[in-house]
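Input: a single structure, listed below in structure tokens.
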Amino acid sequence: MCDQNASMKDQGNGKSAMSVHTDKRLILLDETDNVLVVAATLRADEVVNIEGQPITLHRRIGVGHKLARRAIAVGETVLKYGAPIGSMTEAVTAGGHVHVHNMKSDYIPTYTHDNQAAFTGASS
């Protein structure tokens, strides 16, 4: 088998490098992903570790949302499950919230609230 996940292999303690150095409430679905999935609600001003780097969160982030694994530039493809799911409309730093406010689907329309009154198709 191809050893493409060498950096994430068992470090002699039964845990991958990702699990040892990243908050256990953040899930990496595929080694190529540039986002992590939040498995438990995170509070604003809370500090989480992402690959050994302490990051202070600027906002509350709910379960199922995404955090940037590293800085992601405007226009850069967002990878989740090892597959492209969209692109960034705003730059984000490591630990930043990645959602419809700063990314768009490149495949289907992205819908957002218009002043919380109705959903509208976001233009790109």
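Please verify whether LEU79 is open to solvent by 30 Å² or more (accessible area, probe 1.4 Å), assigned to a strand (DSSP E or B) and within 21 Å of GLY52 (Cβ to Cβ), treating the condition exactly as stated. Full working, then the answer.
Details: open to solvent by 30 Å² or more (accessible area, probe 1.4 Å): yes; assigned to a strand (DSSP E or B): yes; within 21 Å of GLY52 (Cβ to Cβ): yes.
So LEU79 passes the test.
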- Message: Checking ILE61 against (1) of a type outside the set (Asp, Glu); (2) out of contact with any Leu (no Cβ under 7 Å at 6 or more places or on another chain); (3) buried (at least 16 other Cβ atoms within 10 Å of the Cβ); (4) more than 17 Å from HIS21 (Cβ to Cβ): exactly one of these is not met. Which one?
- Response: (2)
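The values are calculated or read from the model by the stated rules, or taken from the named source; none is laboratory data. This structure is a prediction, so every number in the text was calculated from the model and none was measured. Every residue, glycine among them, receives a Cβ derived from its backbone with ideal geometry; neighbour counts consider all protein chains shown. Surface areas here come from the heavy atoms of the whole protein model, side chains and all, with no ligands, DNA or RNA. Shrake-Rupley method; radii C 1.70, N 1.55, O 1.52, S 1.80 Å.
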